[in-house]
Amino acid sequence: MSYFIDRRANAKHKSAVNRQRFLDRYRTHIKRSVEEAVNRRSITDMQHGEKVSIPTRDISEPVFQHGQGGHRSIVSPGNREFDEGDRLRRPSGGGGGGDGSGEGGASNQGEGMDEFAFSLTRDEFLDFVFDGLELPHLERKQLMDLEEVKPVRSGITRDGVPSRINIVRSMREAQARRIAMRAPIRRALRESMDALAEEERKDPVLRNPSRIQELKAEIERLEKRLESVPFIDTYDLRYNNLVNQPTPSNKAVMFCVMDVSGSMTQSHKDIAKRFFLLLYLFLERNYEKVELVFVRHHTAAKEVDEEEFFYSRETGGTIVSSALTLVDEIISDRYPPADWNLYVAQASDGDNWDDDSTTCREVLSKSLMQKLAYFTYVEITPHAHQALWEEYEAVEADFPSRFAMRQIVEPGDIYPVFRELFRKVEA
Amino acid sequence: MTRQTPIATGSDWNFEVLAEFEREIARLADEYRLDTYPNQIEVITSEQMMDAYASVGMPVGYHHWSFGKQFLSVEQAYRRGQMGLAYELVINSDPCIAYLMEENTLMMQVLVMAHACYGHNSFFKGNYLFRAWTDASSIIDYLVFARKYVAECEERYGVAAVEQLLDACHALQNYGVDRYKRPSPISAEEEALRQAEREEYLQAQVNTLWRTIPLSGQGLEAITEDDGDDPLGLHQAGRYPPEPQENLLYFIEKNAPLLAPWQREIVRIVRKLAQYFYPQRQTQVMNEGWATFWHYTLMHRMFDEGLVDEGLILEFLQSHTAVVHQQPFDSPYYNGINPYALGFAMFTDIRRICESPTDEDREWFPDIAGSNWLDTLHFAMRNFKDESFIQQFLSPKVIRDLKLFNVIDDDQDEMLTVAAIHDERGYRRLREALSVQYALSVREPNIQIYAADIRGDRSLTLRHVQDRRRPLAKSVYPVMRHLHQLWGFTVRLESIEDDEVARRYQWPLPNEGGQE
């Protein structure tokens, strides 16, 4: 009468479609919530999902219900001090005395709860974070790089390694071969049998004993041959063939350039770090492979690792062009623009050695900008702009689609500025 | 009775052990004459359980955002540890599908089998509401049909259009039920077969009904102008429908003038599923009480026979006690009357009344005091729903144990009044009040279709008969908006108090501001 079924191996996520429908339907709500979250939390934990809440009234499913008022009678359990006829003050907030109308668990989970809270997975979260943003000049650089090959199935071959034997095809070949090899033998066998039968049917006087002997020997020989046709032969084996297919590479380098001179405080650096991280996450979603290069500078530029980039302290003056020149050199050395999508993100407080700003413009206009996919510059300062900003504005005018610059005053600006920089350009 | 060795000890389980326990439970259940559908016991993961929860326990369902919302809230609660998942999930189908979660301990699996596979299952098969209103053998097929049909419609008419329609239907699904006559059984095969036929037929019906109306606005004016002078008596043909209709979705399906055939079919699907869940909404206390009573009884029988050891029975008792615990009304965790607690207390008490009646019981329950408890329990399970079950069987002892009291909250009175407590004078009143509290007809506003103006502006008028002056909640407007989407013309609602229209609602809202 009863039986057990183990369903554990069945697909989970049966509700995935419904979940997605829900997220789509409340897109605007969720986006608002996500934007608040991005501003609130440190970008270092962008790697997690996010708890999102939506006002319950916005997502309620209305049904006809009784409202407050009228005459209602409520039966509740757990009486301790009441006696019949007692008069009680009406609890404030309405219905607090218990909505004990025997409401089932199924519906109405909203009542009394103002927020409907749920979690987004990391991917869903990032989807919302970067929703409506676009990487400018995203190119799939096509190249035949020997290292970038992917083995793909391509038909069947006669030789290969045992692990790739295609059993079905091999057995089919074997069967075909067996049929083909046995057919002539069977035919000869049949003929010999017929001949023998005919011979034996003859009158004993007319029989030719040597002929019979001969036929019998022949039959025996043929039967042996039939048996000796192998069930499977190395000749039958077929292997799944794999060929290495070069795949188009799709990779990017992101140069993080930051001023670490004395004027950049740790809070400046934190803001810069968040901006870089956002950019990194964004690039990571668009490219299969993203490499990071950290270049920091004061009067001289140096390529460093991440730890040193964000946390070591330096003092001294500022020469921005040193960093730009270094980036240019690194590109020439290691990242040929034909193979890589190149992004530069620069953060600074706007200070620069007086004469250097024009040099910066020259390096950018003459050399760097030709190679880059996008250059973003954020100036972290509440103060008025200095020479560097003005020179950069000239560069922006020359490369309006590939050069972008914004000012950030406080951490709350990061995300809006980021969104502005990468806003999808409506065609 | 010789004590046997336990089937298994510890908290781990495997399929052989489960099968053996299941056999023993079946044997004992048979002794108690629990008549069940065959059991299909499915072992699933916690994620699958969340999926199942989200789709109200239906193994297949059409897609809708509201199930996604359900899923997210279940997931959230589970992750936070607020909710132990899936004490049990069982589907009223034939075979009866019950889910066991792989994370459960052996005790839990055995408990769920006793509770769901024999408790709920026998209730589904035996209770008159389920027998009359649901067709266990065809529900799964029907769900498959519904899912496929909705998916096809989404493909053909777009997800948004279908979603909008389902939203509207869901808002009215509690009013998609025939309360008094038995519905025709659902069968997926027939549905599919007859569906095309029905589309045509339905549309033809609707067309006949509406043919009397001139379609152009001009013609409409002409008729309303003629109102005073109606030589043929065309306008005195009486109301349509002649009798008020309680099944709103049915009326929509058959009469909404503008719905396309596929839309009618979807209205029908929502209506049929609402119908299927209708008995469950009316037998929560009984159903859970019955299942809890039996898992309690069966587990103890197994312990008595030595089939389970002390460790398991103690773990069981802990879990059982938590399930049947009733928070007092002033506890921060109070969430209404716990149907497990009330139902279990009542069934246990019926057995007590039969086996060892007191004088009080003889006075209150002369028919059952001292009778065969098993017969009486089966009788109660078969022939009642929560409302009548409480009315019939709530004993003074249960009222005392739960310390029930009745508060009257009247908006014309500044204070609340305690109308009854668990004393001699209060028992009957409490029983009456609690019974009413479980009556669907009291829990939900009584709203019926009163008139469809098929000769005039095509407006639809509903009537809400107020119950003890209780008004409708604000949600009435969004629901009427949905109704308007289905009907296609103005929808009115009149709230009746003492035979007089106390309040009128209309959607779309009349232009002159006010809601009157």
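The values are calculated or read from the model by the stated rules, or taken from the named source; none is laboratory data. No experiment lies behind these values; they were computed from the predicted model shown. Note that each Cβ is placed from the backbone with ideal geometry, even for glycine, and that neighbours are counted across all protein chains shown.
Quick one: how many residues across region B:455-487 are over 19 Å from B:R503 (Cα atoms), at pLDDT below 90 and either buried (at least 17 other Cβ atoms within 10 Å of the Cβ) or at the interface with another protein chain (Cβ under 8 Å from one of its Cβ atoms) (or both)? Here the count works out to 1. Only residues that are assigned to a loop (DSSP other than H, G, I, E, B) and either within 26 Å of B:N92 (Cβ to Cβ) or at pLDDT below 90 (or both) were counted across region B:127-168, and they come to 6.
Given the condition over 16 Å from B:L34 (Cβ atoms), modelled with pLDDT under 95, assigned to a helix (DSSP H, G or I) and among the basic types (K, R), answer yes or no: does some residue in region B:365-385 qualify? The answer is no, given that none of the residues of region B:365-385 is over 16 Å from B:L34 (Cβ atoms), modelled with pLDDT under 95, assigned to a helix (DSSP H, G or I) and among the basic types (K, R).
For region B:49-67, the tally of residues that are more than 18 Å from the chain's Cα centre (by Cα), at the interface with another protein chain (Cβ under 7 Å from one of its Cβ atoms) and touching a residue at least 24 places away in the same chain (Cβ under 8 Å) stands at 3. Looking across A:E81, A:E50, one residue alone is of a type in the set (D, E), assigned by TED's automatic domain parsing to the domain that holds A:I30 and either modelled with pLDDT of 50 or more or on the phi > 0 side of the Ramachandran plot (or both). It is A:E50.
Per the conditions (1) outside any loop (DSSP other than H, G, I, E, B); (2) under 28 Å from the mean Cα position of the chain (by Cα); (3) more than 11 Å from chain A (Cβ to nearest Cβ), the sole criterion not satisfied by B:C354 is (2). Do we find that A:R25 is modelled with pLDDT under 85 and either more than 7 Å from every other protein chain (Cβ to nearest Cβ) or farther than 14 Å from A:L120 by Cα (or both) in this structure? Against the criterion (modelled with pLDDT under 85 and either more than 7 Å from every other protein chain (Cβ to nearest Cβ) or farther than 14 Å from A:L120 by Cα (or both)), A:R25 does not qualify. When each of B:H422, B:H464 is tested for being touching a helix residue (DSSP H, G or I) at 6+ places or on another chain (Cβ under 9 Å) and assigned to a loop (DSSP other than H, G, I, E, B), the lone residue that passes is B:H422.
Of the numbered conditions (1) under 25 Å from the mean Cα position of the chain (by Cα); (2) part of a loop (DSSP other than H, G, I, E, B); (3) of a type in the set (K, R), B:R431 fails exactly one; give the number of that condition. Result: B:R431 passes all but (2). Within the set B:L307, B:L249, B:L298, B:L314, the sole residue that is more than 30 Å from B:V162 (Cβ to Cβ) and either assigned to a loop (DSSP other than H, G, I, E, B) or touching a Lys or Arg at 6+ places or on another chain (Cβ under 7 Å) (or both) turns out to be B:L307.
Residue by residue through region B:326-341, note down the ones that are within 11 Å of chain A (Cβ to nearest Cβ) and either surrounded by fewer than 16 Cβ atoms within 10 Å (Cβ to Cβ) or at positive phi (or both). Correct list: B:P328, B:D330, B:S331, B:N335, B:G336. Screening B:L129 against (1) more than 14 Å from every other protein chain (Cβ to nearest Cβ); (2) over 20 Å from the mean Cα position of the chain (by Cα) leaves a single unmet condition, (2). Within region A:182-202, residues that are within 17 Å of A:Q213 (Cβ to Cβ) have Cβ atoms under 7 Å from residues that are outside any helix (DSSP H, G or I) in these pairs: A:E199/A:R207; A:E199/A:N208, counting only partners at least 6 apart in sequence or on another chain. Selection of region B:379-438 for residues being facing chain A (nearest Cβ under 8 Å), free of Cβ contacts under 8 Å to residues at least 12 places away in the same chain and out of contact with any strand residue (DSSP E or B) (no Cβ under 9 Å at 6 or more places or on another chain) yields B:D423, B:R425.
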